[in-house]
Each structure stands twice: as structure tokens, then as C-alpha cells.
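The values are calculated or read from the model by the stated rules, or taken from the named source; none is laboratory data. Please read these numbers as outputs of a predicted model, since none were measured by experiment. Positions of Cβ are backbone-derived with ideal geometry, glycine not excepted, and every protein chain shown enters the neighbour counts. Just so you know, the surface numbers come from the protein's heavy atoms only, side chains and all, with ligands and any DNA or RNA stripped out. Shrake-Rupley method; radii C 1.70, N 1.55, O 1.52, S 1.80 Å.
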Amino acid sequence: MGQPKFSSEEVNAMMRKVADWQIANLKEGVEHDDLDWRRAVLYMGMVDWAELVEKKEGNSVYYQWLLRLGRKNHFQMGKWLYHADCIAVGQPFIDLYLRYGDKIMLGPVMSRADWIVANPSHTPMMLDYGKIETLYRWTWCDALFMAPPVYAKLYALSGDRKYLNFMDKEYRASYAYLYDKQDHLFYRDGTYFGKKEANGKKVFWGRGNGWVLGGLVEILQVLPSDDSFSRFYQDLFVELSGRLAELQCPDGYWHASLLDPSSYPSPETSSTGLIVYALAYGINQGLLDREKFLPVVSKGWKALCEAVNSDGKLGYVQPVGGAPDKVSRETTEVYGVGAFLLAGCQIYQLSLN
């Protein structure tokens, strides 16, 4: 069996450095609302890191940081009722409920999900930012990371199949609309149908496909393998994993544009973090062949670590956007750190096997 080229202690030390830098350098303000999707992804990574630290060291300091943020915001969801980005924070809050059992951590996300399930939107799938109602469904691929796992987790928690039925119906609608079965990749949204990169290839965004693959991990972690819906998500995970593994660049990163990386030559760590997270999970769970995927994961993790400055700042994170864009070593964002920590926790587990 292939062995990873890193030790558990090295992985642990790198995650601590990145997590501590981010906690010490959190921005405040409208663009970094505690409850928006950017922070939700950070919290998801922090939850996994907090669990690892508590198990390894008996230290709950990172859990306490998360609890302070949750209590400060009364464990509420974002402001827009239907918007996938505004329920994403429910994922780490559900995880905190499972850890601490305080129903105040669960009530707001369950209430939001219950209302949406009872009052589903029927708007078209074509995204139009001039029509706010086109954001009421999962009309852009990022949404498949933000919202579906909430419903999967609520189903796993409650056993009420209404959550899973809603999730599956809406997910398959997005899949049917956004997934290119020829290239085995997701368009970011319908506005990219027919668009071409400088080299004539279709426009497939690195982070967008990372969002989808990472979201599949969040679903598969809680969906019973013998559930009637499970095969679809497992098969999609394996198919998309295989395709993305083929598209890793020689430097170990996935770049902003998957099919035209030469037009975006800089590394891109948010897409790389999400993809490494998912591939490492797939190996750990026996869904992906270790011999085939371990070299890809090892190369990706090495690349991610090279993007960390000496003080712990993670660079090369593409700013908020919906398409491939330029990036530099100095650009960072909290969701990139969340993806890094998610990946690191799976890499840590991988290093023990």
C-alpha cells in the first residue's frame, strides 16, 4: 500500500499555524458577516480541527472559540430566507449541537429548513442576478456545498425523510441543469453555457467544482450507505473525483480555470483545498483507490503547505467571485482557510493509516 509523504505531527503543526493566524486576523464588517457563507466554510473547517485537537490533546480551545461566535449570533441563519449561502452556517451549528446537545444551537436552522421544505420555490434554474427569485433554488454550483448538506444532516439527526426527499429533488434538478456529462464537470451557472476560454475550451471553474465535490463529502458523511439515494451521490463523487484528479496541474494545484490553466497560471488554494479534502476523504472511506489517488492527494497537500507564509497566512485564495480570476500569494479569504483545515483533518487521518 502506498504511504503518504508526511507525518501526522507535521500535518497537525501546519493546521495549528493556519488556524491560529486566521483567528488572530479575522476581519469584521459587512463583507465578513459572522453568518455568511464565507464564515460558514471557515467554521466547518474549525469544527473538524476542534474535534481533532480535543481528541488528541484534551483541549477545547477551538470549540470554545466556535461557541462564542455561535452564542454571539444566537445560532441564527443568514438574512435571506431561501438563499443557499444563508443556511450554510447551519452545518457547523448542527455539528456543535451534536457535540453539546443544546437545542438552541439547532432550533434556528431546523426552523429555516422546515419552512423551506413546506414552501419550496419553483423558480426556473437559469440564474439572473437581476431577478432575486432566481437565487431561491440551487441555480449555481457553489450552492451544492452550502445547502444540501444541511438537509442531509437534519435527516441523519431526526430520521425525518422530508429533509432528504427535499434535498434529493433539488440536488438532482441542479445536477441535471449544470452538469456537463461530456466533460464530467459542473458549470458554475447557466450563464456559462456556450462560453469559451482563451484556448477555446469550455469554462469550468476550479473552486466551483471543488464546492460540488466537497459538498458531496458532507452529504456522504451522514447519508447511510444502504439508503436508496446513496448510490447516486457515491457514483457522482467517484466520477467527479476521477475527472478532477486528471486535471491537477504539475505544480500540485488546481488552478482557477480547469481546462485553461495556462490563462490563470497562479496557484489557487481554495479549489485545491476543497479537492484535496474530498479525495483524501474518498481514500479514507474506501471509495477511491488508494494507489491511484494517494499521489494526487500528497502532491496537492504539499502544494497547499507551500502556499502558507511563515506566519500562518494562507495565500493564493481567489477572492469572492463566480468564475476563474487572477490571484496572488497575498490574497487570502476565510473560506480558503476553512477548506485548508477540512483537507488537513482528512490528511491527518490518512497519515495514521
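Which whole-Hz couplings ³J(HN,Hα) result when phi for each residue of segment 339-352 is put into the Karplus expression 6.51 cos²θ - 1.76 cosθ + 1.60, θ = phi - 60°, listed in order with x for Gly and Pro?
For segment 339-352, the Karplus-derived couplings read 5, 4, 5, 4, 4, x, 5, 6, 5, 4, 4, 4, 5, 8 Hz, x marking Gly and Pro.
So if we plug the beta-carbon distance of residue 302 and residue 133 into 1/(1 + (r/R0)^6) with R0 = 41 Å, what FRET efficiency do we get, rounded to 0.05?
0.40
In Å², what does the accessible area per residue of segment 110-268 work out to with a 1.4 Å probe?
38 Å²
Hull surface divided by four, with the convex hull built on the Cα atoms of segment 50-207: how many nm²?
11.8 nm²
How long are the semi-axes of the equivalent ellipsoid of segment 249-353, taking √(5λ) for every eigenvalue λ of the Cα gyration tensor, in whole Å from largest down?
Here the semi-axes work out to 23, 15, 11 Å.
Could you give the length gained by full extension between residue 329 and residue 243, i.e. 0.36 nm per residue of separation minus their alpha carbon distance, to one decimal place?
28.3 nm
Tell me the carbon and sulfur percent of the accessible area for segment 222-353, rounded to whole percent, probe radius 1.4 Å.
Solvent-exposed carbon and sulfur of segment 222-353 make up 51 percent of the total.
Roll a 1.4 Å probe over the protein heavy atoms and report the accessible area of residue 135 in Å², nearest 10.
Estimated to the nearest 10 Å², residue 135 gives 10 Å².
How much accessible area per residue does segment 1-97 have, counting only protein heavy atoms and a probe of 1.4 Å, in square angstrom?
About 45 Å² of surface per residue is accessible.
Once fully extended, how much extra length lies between residue 169 and residue 32, figured as 0.36 nm per residue of separation less the alpha-carbon to alpha-carbon distance?
Full extension of this stretch gives 46.2 nm more.
Kindly sort 218, 246 by accessible area of their heavy atoms, largest first, with the probe set to 1.4 Å.
246, 218
Order 331, 272, most accessible first, counting only protein heavy atoms with a 1.4 angstrom probe.
331, 272
If you wrap segment 14-92's Cα atoms in a convex hull and average its projection over all directions, what's the area in nm²?
For segment 14-92, the mean projected area of the Cα convex hull comes to 5.3 nm².
Based on the Cβ-Cβ distance of residue 20 and residue 222, what FRET efficiency does E = 1/(1 + (r/R0)^6) give at R0 = 41 Å, to the nearest 0.05?
The value I calculate is 0.90.
Determine the gain in length on full extension of the stretch residue 57-residue 311; use 0.36 nm per residue of separation and subtract their C-alpha separation, reporting nm with one decimal.
Gain in length upon complete extension: 89.2 nm.
On the accessible surface of segment 76-163, probed at 1.4 Å, how many percent belong to carbon and sulfur atoms?
Here it works out to 56 percent.
Got a sec to turn the phi values of segment 141-148 into Karplus ³J(HN,Hα) couplings, 6.51 cos²θ - 1.76 cosθ + 1.60 with θ = phi - 60°, whole Hz, x for Gly and Pro?
5, 4, 4, 6, 8, 6, 9, x
Which value, to two decimals, describes the C-alpha radius of gyration of segment 164-278 once divided by 2.2 N^0.38 Å?
1.08
So if we plug the beta-carbon distance of residue 160 and residue 232 into 1/(1 + (r/R0)^6) with R0 = 25 Å, what FRET efficiency do we get, rounded to 0.05?
With a Förster radius of 25 Å, E is 0.80.
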